[in-house]
Structures are given as structure tokens and as C-alpha cells.
Amino acid sequence: MDVQRKPLITQNGSRLPQPQSQSKLKPPTSFKRPRSPDEVSACKRSRRDTSTSSSNETLNSSTVSISITSSKQCLSSSVPKLRNSKSTSTLRPSVLKQPSTSKTKSTATVKPISRQAPVSNKTTSGNVSRAVESTGVEPTTSNSTAKPTAAGGNRKRPTWDLKGRLQDMEELLRSQDVHSQTLATQLTDYNQRIAYLESQKNQLSDVVSQKEQQTSDASKQITNLRNQLKNAEDEFNSMKRKYQQELDDLNFANTSLKRQREALEGDILALQQETSGLKSTMSQLTSAQAGLNAELESTKLLLDQSVKDGKDKDAEIQQLKKDILAHLATIDENNAKLREHETERRKLHNSIQELKGNIRVFCRVRPLIGDETLGNDGSLQHMSFPDIEGKILELEKIGDVSLNESTISAARRANNKYEFNFDKVFQPTSTQAEVFEEISQLIQSALDGYNVCIFAYGQTGSGKTYTMEGPNTGDPETIGMIPRAVMQIFDTIRGLEDNGWQYQFEASFLEIYNETIRDLLGNLKEEVKHEIKLAGQGNNEVVVTNLTVVPVTTEKQIHALLKTAAQNRAVAETKCNERSSRSHSVFRLKITGSNEFTGEKCQDLKESCRSILEQDHVYPDSSGTLNLVDLAGSERLKESGSEGQRLKETQNINKSLSNLGIVILALANKDSHIPYRNSKLTYLLQNSLGGNSKTLMFVNVSPKEDNFQETLNSLRFATKVNQCNIGTATKKIK
Ligand SMILES: Nc1ncnc2c1ncn2[C@@H]1O[C@H](COP(=O)(O)OP(=O)(O)OP(=O)(O)O)[C@@H](O)[C@H]1O
């Protein structure tokens with residue numbers, strides 16, 4: 001039985017200790033070499049034969065011989081192999097010689113034998129010699145097995161030498177007996193050895209069982225340990241995961257805390273800076289406080305002084321209050337007087353205006369412009385302004401131009417000189433401001449409740465539009481009479497508001513072209529028909545149907561309306577050439593005012609013709625209308641040669657302008673019938689051409705000598721108007 005056991009190896013590769021040392025369990029090496037099946041069977045047979053021969057002494061020699069021979073063969077086949085083997089224990093004869101005592105069974109007895117190994121061949125051979133000596137039999141080998149047969153005599157006995165041969169056989173038999181004894185001894189040894197080994201085997205089997213049990217226990221233990229290990233690993237892993245999670249959480253918390261710490265550090269820094277700033281402010285405030293304290297002390301002293309003074313002043317104030325009350329009473333008294341004086345001033349102003357005449361004519365000569373100045377130093381050869389007061393214009397015909405006698409009757413002088421007297425003559429150098437200054441009193445009359453009508457009459461290109469509206473250059477110096485009148489009205493009412501006057505304004509702007517009224521503030525695309533009607537209380541207020549009338553409260557609004565009207569006229573002009581020259585434009589501003597202190601009101605009393613000088617004036621109501629009219633070109637338009645639209649245009653212009661003259665003359669002659677309705681223009685202006693109205697006519701003339709005849713015609717027409725006294729402006733008493 002192989003007692004060598006594999007070492008117990010744990011899963012981690014460590015060796016578990018063997019229950020006994022290998023050396024103790026190692027069987028004698030002489031038993032290790034396995035025999036071949038032939039050898040085993042031969043030996044078995046030999047033993048059986050030997051046993052048989054030894055037990056049966058009756059064996060015959062041949063049988064013994066064969067048995068010995070076979071045993072010898074068996075040995076001879078074994079010995080050479082043993083000799084060749086390096087295993088000393090197998091070959092050592094001493095092993096064979098060992099007594100089969102009980103001691104040989106103990107392991108301790110075996111060990112010394114084992115310790116003798118290795119044994120050299122020399123030793124082996126020595127032992128063999130000693131075996132020969134003890135037995136007296138020479139060791140045999142397989143080769144020498146035949147030799148004993150020959151040893152009896154290498155020389156072969158003759159067949160007939162039976163005695164010799166018998167001796168040889170006996171000799172051989174003796175030697176074989178000796179050998180047999182030796183072998184028997186050896187066999188006994190072997191048996192003892194086998195028994196010993198059997199007991200060893202049993203012991204080892206027990207050990208093996210124990211070891212197996214131990215192994216099983218160890219395996220179970222290992223399994224348990226593995227399970228524990230696995231559990232521990234699982235637990236470890238779960239703990240690891242848990243701790244990892246906790247670690248992550250802690251890391252996250254740590255990062256958050258770091259951020260918070262950084263933020264707090266930033267806050268701390270800011271607070272530190274703020275604190276240092278506050279400290280410095282505090283120190284400044286402290287020093288300032290010290291200064292203030294000092295100042296306070298001095299102020300307290302001053303205050304004490306002031307309190308003393310205050311008491312004195314209180315007495316003074318009481319006295320002053322009394323004085324103020326007395327003054328206020330005086331002021332009220334004076335204001336009442338002022339209002340009375342204002343009313344008186346109005347009366348006087350309008351009386352003066354009436355004394356000046358209700359129709360006044362201003363002549364304006366425009367300067368030469370553009371190409372007209374070529375070859376001319378700006379002086380006018382055919383015109384002169386002889387008087388210092390600026391009321392006379394002299395017109396002189398240069399050259400042999402024959403004048404129509406009928407046109408020069410009124411103003412003819414010797415040497416073709418014509419002198420014209422007007423309320424004012426403005427030379428070409430006169431500015432817009434100078435011109436307006438002369439008409440500003442009329443604007444005041446409109447605020448006082450009078451109807452005011454300002455015309456611009458003259459031939460085309462004589463400067464009517466320039467005078468009334470001004471050039472569209474944006475230059476405040478050149479703005480015309482209409483914007484200046486608006487400006488003055490709003491400037492004036494701002495001052496009158498303090499005296500209790502409140503005003504409302506309504507503006508409209510229309511043109512009369514070809515005896516058709518067109519709304520310049522309305523929608524041009526709409527073809528709206530406009531008619532003139534008398535409406536209102538007593539049917540004495542002239543109104544235009546479908547006309548845009550805009551309530552205005554500011555100067556700016558009126559300027560916007562004027563701009564709209566100019567744009568609409570420009571559009572109309574593109575449709576009809578020179579339309580502006582061939583139409584009358586009328587800007588109307590209706591002014592209504594009342595005085596909350598005096599109860600005065602503006603009222604337009606058209607039907608009344610009584611002079612304000614003849615009345616005890618009471619102003620229950622007051623409203624006036626300012627009419628600013630830019631008339632169509634007054635040049636003599638020849639009807640012959642004109643046809644169609646142009647002829648109609650010409651006829652309408654001639655008609656309306658001549659009718660204007662007729663109406664003015666009729667008013668001057670105090671005719672019973674005033675032909676207002678003969679033209680749209682006079683019908684529209686009927687309340688501004690008589691009664692309580694005040695009329696101003698600008699006669700604009702061209703400085704060009706070429707326009708001499710037309711200039712003469714215009715001046716004559718204006719002279720005729722200027723000579724009219726068309727009644728006095730009045731206010732109705734209620
Ligand atoms: N006092 C002035 N100073 C400078 N330029 C003037 C003056 N009066 C008129 N003009 C210029 O003369 C030209 C003709 O004037 P404006 O158009 O006012 O004439 P008008 O009589 O209105 O003509 P129309 O009948 O064709 O409308 C314009 O270029 C204008 O700027």
C-alpha cells in the first residue's frame with residue numbers, strides 16, 4: 001500500500017501539516033520495486049515448490065533439483081536486477097539477515113535501516129561476501145546459476161561415471177539444502193516483514209481514516225470558512241458600498257461646505273472691507289460730530305439770540321400782517337380799478353380804431369428778387385416814398401408809355417407822377433415784424449370781441465402770400481402775419497388770464513376757387529360740397545357746411561393746422577397750374593372769451609351798428625372772428641382769348657374781386673342793399689365787412705417797372721377802399 005499522501009492544500013494554496021512525517025510512514029525501500037508478472041509468478045511458484053519440498057522430505061532428488069533450480073532461477077533473475085538497482089535497501093543483504101524479532105515491527109527498528117541508505121555498490125558487494133562466508137554458499141547470479149552444475153565439475157563426467165555423478169548430485173543437493181535453509185530463513189524474515197508491513201498498513205489505514213476524517217472536517221471547516229468568508233466578503237462589499245456611498249455623501253457635503261466656506265469667506269471679506277469702510281466713515285463722522293457739536297454750541301448761542309430776536313420779529317410780523325391786510329385790500333381795490341381801466345382801455349382803443357376808420361389800407365412794396373436785381377442796384381426808378389411818416393407812395397411813369405386816361409384820374413400828377421396816400425406804406429426794406437407791429441392793434445380788437453378781416457390784395461407775385469404766411473423757410477424773422485397774429489393772441493391771453501379772462505378758439509381754413517369752397521383742413525380725397533349759410537341765434541352767424549372746425553388750445557396746434565393747409569394747397573396746385581394765384585384762401589379763428597371777475601364776455605353782434613361811443617357799455621358776452629385772407633391775383637385778366645376752364649376761372653376772379661369793391665362801396669354809401677351774396681368771398685365775409693367789424697387791406701405791389709400798369713390798378717383800387725367809411729364798429733347792449 002502506498003502510504004505516501006498528497007499534501008493537504010487549502011484554497012489559498014497553503015499546505016496543511018501532515019499527520020505524520022513522511023519518513024515515518026515510508027515503507028522499507030526493498031519493497032518498493034515492483035516485480036514483473038513473470039517474476040512474481042516464478043517466485044510464487046518457487047516458494048510454493050520450496051515449501052512443498054521442505055515440508056515433504058520424501059521428495060526425490062529430481063523434484064528437489066527442479067525446485068531448487070527454479071528457485072535459483074528465480075533468485076538469479078532477481079539478483080542481477082537488485083545488483084543493478086541503486087536502491088540500497090532492496091539489494092542490501094543485511095536486510096535479509098535481520099532477525100525477525102518483535103523489534104522489527106516497530107518503526108524505530110526500521111528507521112536505522114533506512115538511515116543506512118544510500119549504500120554504495122562496494123558496500124553491497126562487501127555484504128554479499130559476508131553472506132557467502134556465513135552461508136558457505138557463493139552467491140549466485142543468473143549467469144552463475146548454471147555454474148554450480150558445472151562447479152561440480154566443469155568437466156563433464158562421463159555417462160558411465162554414475163558414482164561421480166551421484167556425488168556431484170549429493171554435493172549439489174547439500175548445497176541446495178543449505179541454500180534452501182537460507183531461503184527458508186529469508187522467507188520467514190519476509191513473512192515477518194510482511195506482517196510488520198501489514199500492521200503498518202493497518203496503522204496507516206487508521207491514520208488515513210483519521211486523516212480523511214480530518215480532511216473531511218477540514219473541508220467542512222473550509223466550506224464553513226469559505227461561507228463565512230463569502231458572507232464576510234458580502235458584508236464587506238455591502239459595507240464597502242455603504243461606506244463608499246457615505247464617502248460620496250461626505251465628499252458632496254464636503255464640497256458644499258467648501259463652497260459655503262468660500263462664500264462665507266467672501267462675505268467675511270466683504271464685511272471686513274465694509275467694516276473697515278465703516279470704521280473710516282465712523283472716524284470721519286466722529287470728527288465731523290465733534291465739529292458739529294462745536295457748531296451746535298455756537299448755533300445754540302445763535303438760537304438763543306434768534307429766539308430773542310424772533311420775539312421782537314413776532315411783534316413786527318404782527319404789525320406787518322396788519323399792513324399786508326391793508327395792502328391786500330388796497331390791491332383788491334386797485335385790481336378792480338385796473339379792470340375798470342382795462343375796460344376803459346378797450347373802449348378807448350376801439351374808439352381810436354373807429355376814429356381811424358373801420359377800413360384801413362396798408363400798402364406794401366416787395367423788394368426786387370432774383371433776376372429782377374440784374375443791372376439794378378436795388379433802387380426803384382418809378383417809385384418813391386417822399387414823406388417821413390411813411391404814408392405816401394409816388395409812382396412815376398418813366399418813358400413814353402401812354403396811360404389809359406380812365407385809370408389815372410384820381411392820382412394823376414404832372415409829369416406822369418401819381419401820388420397815393422394810405423394808412424401806411426411799407427417800403428421794400430420793411431420787415432415782417434415792422435408790418436405786424438402796425439396790425440397788432442387789430443389783433444387785440446379781435447380778442448376784444450370784434451370781427452377783424454385782413455386782406456392781401458395785389459397782382460400775382462406781388463408778395464401777398466409772403467406777407468400773410470411768410471416764406472416756408474423756418475426763419476422766425478420772416479414768418480408772416482397769420483403766425484404772428486396767433487402768437488400775439490396766445491401771448492396776450494396768458495397776461496389776461498391773471499385778470500380773470502378765459503378764451504376758447506376754433507380754427508378753420510378754406511379756399512375759394514372758381515366760386516367753389518374747399519376745406520383745406522379736411523380730407524382732400526373726399527368730394528364734399530360746402531355751402532355758406534346763416535345760422536345761430538338771429539340767423540346772423542355765417543357758417544360753412546361740412547367745414548372742418550378745429551378747437552385749439554395752443555399755438556402749436558394752430559401751426560400744425562397751417563402746415564396741413566399749406567400741404568393741401570400744394571397738392572391742389574399740382575392738379576391745377578397757378579391755382580394759388582387763382583384762389584382766395586381764408587384762415588378763420590373764432591375767439592370766445594369771458595371774464596370770471598367782471599362778468600364781461602365777447603359777443604359778436606352783427607346786426608348792431610351803433611357806435612360804442614354812444615353807448616353805456618356792458619359786456620355780457622364777447623366773441624370775435626379773425627379773418628386772414630390771401631386773395632387771388634388781381635391783375636386784369638383778359639377774358640378774350642381765354643376759353644373753357646381758364647375763361648371760367650378768369651370770370652370768377654374778376655367777379656369776386658370786383659364784387660368785393662362793390663360791397664365796400666355800398667357799405668361806404670350806406671346803401672340799403674349790400675350785395676354780399678354776389679360772390680362767395682363777400683358772402684363769407686359779410687360779418688367782417690361792416691357792422692362791428694374792422695377791416696384792413698394790404699395792397700401788395702410789385703417793384704418791377706414792367707408791372708407799372710398793374711401796380712397802378714392795384715393802388716387805385718386800394719385808394720377807393722381806403723376812402724370808404726363803412727360804418728362804425730359797435731357792441732350790442734343786452
Ligand atoms: N417783402 C418781401 N421780401 C422778400 N421777398 C418777397 C417779399 N414779398 C414777396 N417776396 C417774394 O416774391 C415772390 C412772390 O411773392 P408771393 O408768392 O408772396 O406773391 P403772391 O402775390 O402771393 O403771388 P400769387 O398770387 O401767385 O400767390 C416770392 O418769391 C416771395 O418770396
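A few notes on this one:
- Single unsatisfied condition, Ile674 versus (1) at pLDDT 80 or above; (2) open to solvent by less than 10 Å² (accessible area, probe 1.4 Å); (3) in contact with a Gly (Cβ under 9 Å, 6 or more places away or on another chain); (4) not in a helix (DSSP H, G or I): (2)
- For Asp448, the criteria (1) closer than 18 Å to Arg588 by Cβ; (2) within 16 Å of the ligand (Cβ to nearest atom); (3) not small (Gly, Ala, Ser) hold in every case but one, which is (2).
- Candidate set from the range 269-308 (those that are open to solvent by 80 Å² or more (accessible area, probe 1.4 Å) and polar (S, T, N, Q)); member that is farthest from the chain's Cα centre (by Cα): Gln305
Conditions (1) open to solvent by less than 40 Å² (accessible area, probe 1.4 Å); (2) modelled with pLDDT of 90 or more, marked per residue:
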site	(1), (2)
Gly449	yes, no
Gly463	yes, yes
Thr467	yes, yes
Met487	no, yes
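- Scanning the range 152-204 for residues that are hydroxyl-bearing (Ser, Thr, Tyr) and part of a helix (DSSP H, G or I) turns up Ser175, Ser180, Thr182, Thr185, Thr188, Tyr190, Tyr196, Ser199.
- Within the range 177-190, residues that are of a type in the set (Gly, Ala, Ser) have Cβ atoms under 8 Å from residues that are open to solvent by less than 50 Å² (accessible area, probe 1.4 Å) in these pairs: Ser180/Thr50; Ser180/Ser53; Ser180/Ile68; Ser180/Ser71; Ala184/Thr50, counting only partners at least 6 apart in sequence or on another chain.
- Residue match in the range 519-528 (condition: part of a strand (DSSP E or B), out of contact with any Phe, Trp or Tyr (no Cβ under 6 Å at 6 or more places or on another chain) and open to solvent by 10 Å² or more (accessible area, probe 1.4 Å)): yes
- Matching entry among Glu497, Glu506 (being in the same structural domain as Gly370 (by TED's automatic domain parsing), over 16 Å from Val361 (Cα atoms), in contact with a Pro (Cβ under 9 Å, 6 or more places away or on another chain) and open to solvent by 20 Å² or more (accessible area, probe 1.4 Å)): Glu506
- Among the candidates Ile388, Ile392, the residue that is open to solvent by 50 Å² or more (accessible area, probe 1.4 Å), at pLDDT 80 or above and more than 16 Å from the ligand (Cβ to nearest atom) is uniquely Ile388.
- Picking from residues in the range 561-580 that are under 16 Å from Arg646 (Cβ atoms), within 15 Å of the ligand (Cβ to nearest atom) and surrounded by fewer than 17 Cβ atoms within 10 Å (Cβ to Cβ), the one that is modelled with the lowest pLDDT is Asn577.
- Any hit, the range 485-499, residues being part of a loop (DSSP other than H, G, I, E, B) and in contact (Cβ under 8 Å) with a residue 12 or more places away in the chain: no
- Among (1) more than 21 Å from Asn652 (Cβ to Cβ); (2) within 60 Å of the chain's Cα centre (by Cα); (3) open to solvent by 50 Å² or more (accessible area, probe 1.4 Å) - the single one Thr548 does not satisfy: (3)
- Pairing each residue of the range 451-470 that is in the same structural domain as Met481 (by TED's automatic domain parsing) and within 9 Å of the ligand (Cβ to nearest atom) with any residue that is among the acidic types (Asp, Glu) and part of a helix (DSSP H, G or I), provided the two are 6+ apart or on different chains, yields C-beta distances under 6 Å for Gln459/Glu710.
- Which numbered condition Asp630 fails, given (1) at pLDDT 80 or above; (2) away from the ligand (no atom under 16 Å from the Cβ): (2)
Every residue, every condition in (1) modelled with pLDDT of 60 or more; (2) among the hydrophobic types (A, V, I, L, M, F, W, C); (3) closer than 19 Å to Arg569 by Cβ; (4) surrounded by 20 or more Cβ atoms within 10 Å (Cβ to Cβ), yes or no:
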residue	(1), (2), (3), (4)
Ser608	no, no, no, no
Asp616	no, no, no, no
Ser642	yes, no, no, no
Leu647	yes, yes, no, no
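The values are calculated or read from the model by the stated rules, or taken from the named source; none is laboratory data. Computed from a predicted model, the values in this text were never measured in an experiment. Virtual Cβ from ideal backbone geometry, glycine too; neighbours counted across all protein chains shown. Side chains are part of the model used for accessible areas, which takes the heavy atoms of the whole protein and leaves out ligands, DNA and RNA. Shrake-Rupley method; radii C 1.70, N 1.55, O 1.52, S 1.80 Å.
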